[in-house]
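Read-outs throughout are calculated quantities, based only on the coordinates presented, and are distinct from any laboratory measurement. Please read these numbers as outputs of a predicted model, since none were measured by experiment. Every residue, glycine among them, receives a Cβ derived from its backbone with ideal geometry; neighbour counts consider all protein chains shown.
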Amino acid sequence: MVAAHEHDCPQRPRACSAAEAGCAWSGLLADKAAHEATCPLAVCQRMLAPLRARVVALEAELRSQGAENEQLLSRLAALEAGEAGEGAAPSDAAVQEMDLAAAMSALRAHASVPRVAAAVGERLADLCADERSRQAAAEAGAIELVMAALRTHSEERVQCKGCAALGTICSGTEGGAEGRQQRAADAGALEAVVAAMRAHPQSASVQWSGGSALANLCGDFEAGAPREQRAAGAGAFEAVVAGMRTHPQHAGVQEAGCEALANMCSGDDAVGAACEQRAVRSGAIEAAVAAMCAHLQEEGVQEWGCTALTEMCSGSDDAAAAREERAADAGA
């Protein structure tokens with residue numbers, strides 16, 4: 001009873017509850033409430049109390065998440081090292097030793113792993129450097145498999161290697177090449193490549209592989225006009241020119257860009273004229289001239305730059321003369 005009375009006795013001396021914060025007030029318990037109602041330090045202390053409680057809760061949450069992240073990182077390291085037992089994602093080195101069937105199986109089995117998607121994209125590009133492998137890859141569903149990876153993973157490396165794979169599978173002038181190009185276009189490859197180039201404007205690798213893919217997807221075939229028109233509608237001219245402007249000293253980007261411009265403007269019908277006009281509006285003539293001026297010793301840039309300018313300025317439509325004049329003004 002005495003202890004309880006002494007604790008609540010109004011005549012007992014007390015310090016301000018903000019004493020630790022610097023308040024020097026000391027008085028009777030009976031006067032403490034009135035003092036703290038106007039004490040700036042006590043008022044601030046009361047205002048900060050909920051925030052302090054929130055900080056404590058957040059610190060506890062961060063500690064919990066940190067522990068969970070450590071577990072996830074350990075798991076990721078095990079997967080990347082191939083130590084997770086049967087069914088683990090193959091290493092990049094293992095993928096580069098795979099044949100076509102094995103590489104595609106690896107991507108199907110580990111479609112959610114961006115590292116595998118990038119490694120398989122790179123392997124498909126290497127394998128399809130051989131003409132005989134391109135048709136086999138397409139018939140086995142490689143185009144659709146790569147498209148699924150591009151849609152699933154936005155990472156730069158996946159987009160770069162995926163574009164490279166599409167471009168290589170669709171390259172060539174042999175009998176099946178046009179069919180592969182149309183199959184890729186039907187799968188949405190033109191739009192996917194343009195999206196990759198827009199998403200990674202600072203990546204010279206994406207711009208290079210993207211430009212090459214567009215060039216091959218719009219190969220110079222008589223039935224290629226619908227693909228050229230679809231590429232234009234997807235914003236391919238603007239994407240290529242933007243990449244060339246962003247990476248003016250990269251010969252690969254410049255050559256691929258010029259090749260893409262040339263192939264997308266190769267038609268000699270109304271569609272071709274419309275593509276040529278869109279190319280000119282995007283600044284393609286100036287981009288091709290700048291590429292040739294910046295890379296005088298690069299044979300590929302010079303060849304494709306000349307071809308691009310020729311294609312863009314060709315035609316008998318009403319605007320052809322204006323295109324030629326613009327090329328002359330640009331220094332062509």
Problem - Table column - 3J(HN,Hα) (Hz), region 278-283, Karplus curve with 6.51, -1.76, 1.60, x for Gly and Pro - result: 5, 4, 5, 4, 7, x
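Suppose we look only past 14 Å in the calculated P(r) of region 201-255. What percent of the Cα-Cα pairs does that tail hold?
Distances greater than 14 Å cover 51 percent of the Cα pairs.
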Exercise for the section: Quick one: which residues, 5 or more positions from Arg14 or on another chain, have an amide H under 5 Å from its amide H? H modelled 1.01 Å from N in the peptide plane, none for Pro or chain starts. Expected result: Gly27, Leu28, Leu29
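Taking each pair of different alpha-carbon atoms in region 83-169 once, compute 1/r for the pair, average those values, and report the inverse of that mean as the Kirkwood hydrodynamic radius in Å to one decimal. All intermediate terms of the calculation are to be shown ahead of the outcome.
On the way: mean 1/r = 0.0802 Å⁻¹.
Computed over Cα pairs of region 83-169, the Kirkwood hydrodynamic radius comes out at 12.5 Å.
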Practice task
Write down the Kirkwood hydrodynamic radius of region 32-176, to one decimal in angstroms, obtained as one divided by the mean of 1/r over all alpha carbon pairs.
Solution key: 18.8 Å
Handout entry: the chain: calculated mean residue ellipticity at 222 nm from DSSP helix runs of at least 4, using -39500 (n - 2.57)
Key = -22500 deg cm²/dmol
Exercise for the section: List, largest first, the extents of the alpha carbons of the chain along their principal axes, each in whole Å. Expected result: 108, 58, 35
Problem - Approximate spin-label separation Glu299-Gln11, in nm, with each point projected 7 Å along Cα-to-Cβ - result: 11.0 nm
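Counting only Cα atoms, I'd like the Rg/Rh figure for region 109-222, Kirkwood definition for Rh. Don't jump to the answer; show the numbers that get you there.
Working: Rg = 12.6 Å, Rh = 13.4 Å.
Looking at region 109-222, the ratio lands at 0.94.
By how many nm would the segment from Leu58 to Gln249 grow when fully extended, if each residue of separation counts as 0.36 nm and the alpha-carbon distance is taken off? All intermediate terms of the calculation are to be shown ahead of the outcome.
Numbers: separation 191, 0.36 × 191 = 68.76 nm, distance 4.85 nm.
Difference between extended and current length: 63.9 nm.
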Problem - the chain: angle of helix 114-127 to the longest principal axis, Cα-based, in degrees nearest 10 - result: 10 degrees
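As an exercise, take the mean of 1/r over every pair of distinct alpha carbons in region 212-323, invert it, and state the Kirkwood radius in angstroms.
Values: mean 1/r = 0.0749 Å⁻¹.
Taking the inverse mean of 1/r over all distinct Cα pairs, region 212-323 comes out at 13.4 Å.
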Handout entry: HN-Hα J in Hz across region 100-107 - Karplus 6.51, -1.76, 1.60, θ = phi - 60°, x for Gly and Pro
Key = 4, 5, 5, 5, 5, 5, 5, 5
